[in-house]
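**Student:** Starting off with a structure, shown below.
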Protein chains: 2
Amino acid sequence: MKHIKVIVALIVLAVHMPCVAQTDYMPSETNQPGKEFPKVNSEGRVRASILAPEANKVQLDIGGVKYDLTKDSEGVWTGESAPQDEGFHYYQLNIDGASVPDPGTKYYYGAGRWGSGIEIPAKDREIYALKNVPHGRVSEQLYFSNITQAWRRCFVYTPPGYNKNTDAQYPVLYLQHGSFEDETGWATQGKANLILDNLIAADKAVPMIIVMDNGYAFKPQDNNSTGGNRRPQSAFEEVLINEVIPMIDSEYRTHANREHRAIAGLSMGANQTMRIIMNNLDKFAYYGGFSGTSNYPTSDKIDTKTFLNGAFDDGKAVDEKIKVFWLGLGTNEPDPFPGSVGAFREMLIEQGIDHVYYESPETAHEWLTWRRSLYQYAQLLFQK
Amino acid sequence: MKHIKVIVALIVLAVHMPCVAQTDYMPSETNQPGKEFPKVNSEGRVRASILAPEANKVQLDIGGVKYDLTKDSEGVWTGESAPQDEGFHYYQLNIDGASVPDPGTKYYYGAGRWGSGIEIPAKDREIYALKNVPHGRVSEQLYFSNITQAWRRCFVYTPPGYNKNTDAQYPVLYLQHGSFEDETGWATQGKANLILDNLIAADKAVPMIIVMDNGYAFKPQDNNSTGGNRRPQSAFEEVLINEVIPMIDSEYRTHANREHRAIAGLSMGANQTMRIIMNNLDKFAYYGGFSGTSNYPTSDKIDTKTFLNGAFDDGKAVDEKIKVFWLGLGTNEPDPFPGSVGAFREMLIEQGIDHVYYESPETAHEWLTWRRSLYQYAQLLFQK
């Protein structure tokens, strides 16, 4: 009987534990130097704070929910969100109806704007931590596109040793951001450089170049740099194939062939890069789709006769041509992602196309899913 | 008599002209993609606009002045500043007492924070325009400092051709930001990369590497990454001399000697780099001080026996050692800059130390002064 009481007590304790507010708030690692707020606690709650003595209402707007802050006698508004998933989230403050960045954080391009970001420390954050290992370099590459008639920019990661081993040639991964993001995403909130530095130091990935371009590209007659997900007039494939790849093969010491070229993207970028590889199987041998596939947004059974002009109809040929076909998804992703990726996987299975499917535990359509996806995917590249 | 009337009429017109509000407002070039506001007109006025339907008071805070915005029936607040100097300015919005970045602009690190910036088009903006010329690359270099026991970062500009001419060696300019700025300043609001690209394309400057580090460096026992102008415990000189220069000479193809090394900085960076060159004349042969000197903030006559431990006392030796001693200042700079730079120049003249003195027309203690200074200074470096 005594044992039962102890067990009951432990159960009661266990059930109550999550309801006890954790007061272990620490400044977020995405804060500006010297800024105390926002803070994050061990439950993943975000505590925001801002001086706004004459405001009527201040809210923290994160994860699609607005949380009211309360004002103290000094005019400082403070409040907390519900627990957030581990990883990186975009958010903003709302002051009397004005949506503004939190002046406490660094700024990131996402949701079609430069705005605040916050990092909920993840259990596996070691995979993208800044460690005492050799570091590659991220360089800004400016180029004029004759196709879009505009200046464009990509960021290029060169692995540790690239500048010293001046005879070595390297394989290249073309890595794309998602909808309403840009070429800054992967090397900033994506931490692609640190993920590769750590993998290469642990001998889990081969040294490779990563090219991160802007997936929005339009010809002058249809110029719109902030367009949506599936604009039919996108010139991105043309820019990538006819301008970016030749430039990279000319400016960097690459192995300029399909066996040493991979392409991957997240969300809109997964959709885009899947179309690009299927149209250019002579140029790429590895595909990675992070939280997206080209049948988005439908979950309907795929008709391989018509889908992407029949690109998957000869499953055997696709299977032979693509060395690694890789798909990843967070377990908390909202509709329509699980459905459309699921329908796509069913098609792959029916067509006999080998693929790797990875699920990121307890993450949604956000950067921790994509950091983990890159960490998994990069280990499989160029292993021949 | 008729002639006199015409002349009077013309004078009246001329006097009135500047009072006619110019309505030629255009989106600022520092705006986020697709954002209409803020705007700038040909008088240099800034028009800000933000939706804040429940706010009581919204202000545009620029150049040390707060301008009230007015609300329309939709809850959109709009208003204009007085004319601003040409060039780049930091600014912010104030919403019911909360100082926040303008959600319309890109963000820049200055005034000790990431915040809004605006560009008033300058008559000589061609010197830093993005043009169809060969472009160098700006790379992020991460390094662990044993001196500060912390990860640090510098940005490194390599000139066009650096990655193709793999036998060539290059001279290096170490270029520092000002107070409450960081290592991102020179290649972002400073446009150092574009200035050099343009100069090199016009054969007005020799191809050089530029290293832009963070001037705030403190040992663990005195760690403060956001310190002020003249903290006696700064470890920056030690970090630069013992860690950064050896790293750059190891990681990049440099001419690793004093004749091929220059150092320059703006404001706090001018002060720091002047101390550094005078302590390390075996390491640098070129000095540039943009809006600053090491006697800051005083305008007192300099006693060369005691100033910088007598570093300028033997004027002849300094004059022989430093190939180019360069000083620049904006004509609109506030006290104490004209006074302290003036006192410093008098000392140079008395000591017989050759120097170049440049005045940037109608600019204050801001980035257009420093872009122009770099443009002038870089042309004199490493000639012969």
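**Student:** What number, rounded to the nearest 500 deg cm²/dmol, is the helix-based mean residue ellipticity at 222 nm of chain B, given -39500 (n - 2.57) per DSSP H run of at least four residues and division by all its residues?
**Tutor:** Result for chain B, helices only: -6500 deg cm²/dmol.
**Student:** Still on this structure, I have one more. How large is ³J(HN,Hα) for each residue in region B:95-109, as worked out from phi by the Karplus curve 6.51 cos²θ - 1.76 cosθ + 1.60 (θ = phi - 60°), to whole Hz, x for Gly and Pro?
**Tutor:** Those phi angles translate into 10, 6, x, 8, 8, 9, x, 6, x, x, 9, 6, 10, 9, 8 Hz.
**Student:** Then there is this: Using Cα springs under 10 Å in a Gaussian network model of chain B, which residue among B:Asn56, B:Asn94, B:Asn295 shows the largest mean-square fluctuation?
**Tutor:** B:Asn56
**Student:** Right, here's the next one. Accessible area per residue for chain A in Å², computed with a 1.4 Å probe and the full protein assembly in place, what is it?
**Tutor:** Here the residues of chain A average 42 Å² of exposed surface.
**Student:** I need the semi-axes of the equivalent ellipsoid of region B:201-334: take the C-alpha gyration tensor, multiply each eigenvalue by 5, square-root it, list largest first in whole angstrom.
**Tutor:** Working through the eigenvalues yields semi-axes of 23, 21, 16 Å.
**Student:** When the scattering of the protein assembly as shown is computed by the Debye formula from its Cα atoms alone, each counted once and equally, what is log10 I(q)/I(0) at q = 0.07, 0.10 Å⁻¹?
**Tutor:** -0.57, -1.13
**Student:** For B:Arg45, list long-range residues whose amide hydrogen, built 1.01 Å from N in the peptide plane, is under 5 Å from its own amide hydrogen.
**Tutor:** B:Gln84
**Student:** Another question, if that's okay. Convert each backbone phi in region B:335-345 into a coupling constant with the Karplus relation 6.51 cos²θ - 1.76 cosθ + 1.60 (shift: θ = phi - 60°), then list the ³J(HN,Hα) values in order as whole Hz, x for Gly and Pro.
**Tutor:** 4, x, 5, x, x, 6, 5, x, 4, 5, 4
**Student:** Taking the Cα-to-Cβ direction at A:Asn242 and at A:Arg125 and moving 7 Å from each Cα, how far apart do the two end points lie in nm?
**Tutor:** 4.6 nm
**Student:** Take the Cα pairs of chain B, get the Kirkwood Rh, then feed it into Stokes-Einstein at 20 °C and 1.002 mPa s and tell me D in µm²/s.
**Tutor:** 95 µm²/s
**Student:** If you don't mind, another one. Dipole magnitude of region B:25-121 about its Cα centre, charges +1 at Lys/Arg Cβ and -1 at Asp/Glu Cβ only, in debye to the nearest 20?
**Tutor:** In debye, rounded to 20, region B:25-121 gives about 180.
**Student:** Mind checking the log10 I(q)/I(0) for region B:239-308 at q = 0.13, 0.21, 0.29 Å⁻¹? Debye, one equal scatterer per Cα, no solvent, two decimals.
**Tutor:** Evaluating at q = 0.13, 0.21, 0.29 Å⁻¹ gives log10 I(q)/I(0) of -0.42, -0.92, -1.31.
**Student:** Still on this structure: Given R₀ = 22 Å, what would the calculated FRET efficiency be for B:Val133 paired with B:Asp249, taking r from the Cβ atoms and rounding to 0.05?
**Tutor:** For R0 = 22 Å, the calculated efficiency reads 0.20.
**Student:** Please give the net charge around A:Pro101, taking every other residue with its beta carbon less than 15 angstrom from that of A:Pro101, where Lys and Arg add +1 and Asp and Glu add -1.
**Tutor:** +3
**Student:** If you don't mind, there's one more thing I want to ask. Cα-based Rg (one decimal) and Dmax (whole number) for region A:25-121, in Å?
**Tutor:** Cα radius of gyration and Dmax of region A:25-121 are 12.2, 36 Å respectively.
**Student:** Mind listing the phi-derived Karplus ³J(HN,Hα) values for region B:248-256, rounded to whole Hz, using 6.51, -1.76 and 1.60 with θ = phi - 60°, and x for any glycine or proline?
**Tutor:** Per residue, the Karplus-derived 3J(HN,Hα) values read 5, 5, 8, 8, 10, 7, 9, 7, 8 Hz.
**Student:** Which value, in nm² and rounded to one decimal, describes the direction-averaged projected area of the C-alpha convex hull of region B:159-220?
**Tutor:** With every direction weighted equally, the projected area is 5.6 nm².
**Student:** Turning to a different aspect of this structure: With all protein chains present, how much of the accessible area of chain A (probe radius 1.4 Å) comes from carbon and sulfur, to the nearest whole percent?
**Tutor:** Summing carbon and sulfur atoms, their accessible area is 51 percent of the total for chain A.
**Student:** Okay, next question. At a probe of 1.4 Å, how much accessible area disappears from chains B and A on forming the pair, both sides counted, to the nearest 100 Å²?
**Tutor:** Details: alone 17950 and 17940 Å², together 32090 Å².
The B and A chains share an interface burying roughly 3800 Å².
**Student:** Can you pull the one-decimal nm distance between simple spin-label points at B:Asn56 and A:Asp313, each 7 Å off the Cα toward Cβ?
**Tutor:** Modelled inter-label distance: 7.0 nm.
**Student:** In a GNM of chain B with a 10 Å cut-off on Cα contacts, which of B:Trp151, B:Trp186, B:Trp77 has the highest mean-square fluctuation?
**Tutor:** Between B:Trp151, B:Trp186, B:Trp77, it is B:Trp151 that shows the largest mean-square fluctuation.
**Student:** So how strong a dipole does the protein assembly as shown carry about its Cα centre when Lys and Arg Cβ are +1 and Asp and Glu Cβ are -1, to the nearest 20 debye?
**Tutor:** 640 debye
**Student:** Under a plain spin-label model, where a point goes 7 Å from the Cα along Cα-to-Cβ, how far apart in nm are B:Gln221 and A:Asp354?
**Tutor:** Between B:Gln221 and A:Asp354, the label points sit 6.1 nm apart.
**Student:** Principal axis lengths of region B:100-257 from Cα atoms, whole Å, largest first?
**Tutor:** For region B:100-257, the Cα extents along the three principal axes come out at 48, 44, 22 Å.
**Student:** Quick one: the Cα spread of region B:92-173 along its three principal axes, in angstroms, biggest first?
**Tutor:** Principal-axis extents of the Cα atoms in region B:92-173, largest first: 59, 44, 18 Å.
**Student:** Can you flag which of A:Lys106/B:Lys66; B:Lys106/B:Lys191; A:Lys204/A:Lys323; B:Lys283/B:Lys323 are past 20 Å Cα-Cα?
**Tutor:** Numbers: A:Lys106/B:Lys66 24 Å; B:Lys106/B:Lys191 15 Å; A:Lys204/A:Lys323 18 Å; B:Lys283/B:Lys323 13 Å.
Over 20 Å apart, Cα to Cα: A:Lys106/B:Lys66.
**Student:** How large is the dipole of region A:203-328 about the Cα centre if only Lys and Arg carry +1 and Asp and Glu carry -1, each at its Cβ, rounded to the nearest 20 debye? Please report the intermediate quantities before stating the final value.
**Tutor:** Numbers: 14 positive and 16 negative charges, 38 e Å.
The dipole magnitude comes to about 180 debye.
**Student:** Can you give me the solvent accessible area of A:Leu380 with a 1.4 Å probe, rounded to the nearest 10 Å²?
**Tutor:** Accessible surface of A:Leu380 is approximately 70 Å².
**Student:** Note the per residue figure in Å³ for the convex hull of the C-alpha positions in region A:57-99.
**Tutor:** Each residue corresponds to 75 Å³ of Cα convex hull volume.
**Student:** To continue, here is another question. Nearest-5 percent of antiparallel DSSP beta bridges in region A:126-378?
**Tutor:** On the way: 12 of 36 bridges.
Counting only bridges with both partners in region A:126-378, antiparallel ones make up about 35 percent.
The values are calculated or read from the model by the stated rules, or taken from the named source; none is laboratory data. Quantities reported herein were computed from a predicted structural model and do not represent experimental measurements. When we count neighbours, we look across all protein chains shown, and the Cβ atoms used for this are built from the backbone with ideal geometry, even at glycine. Surface areas here come from the heavy atoms of the whole protein model, side chains and all, with no ligands, DNA or RNA. Shrake-Rupley method; radii C 1.70, N 1.55, O 1.52, S 1.80 Å.
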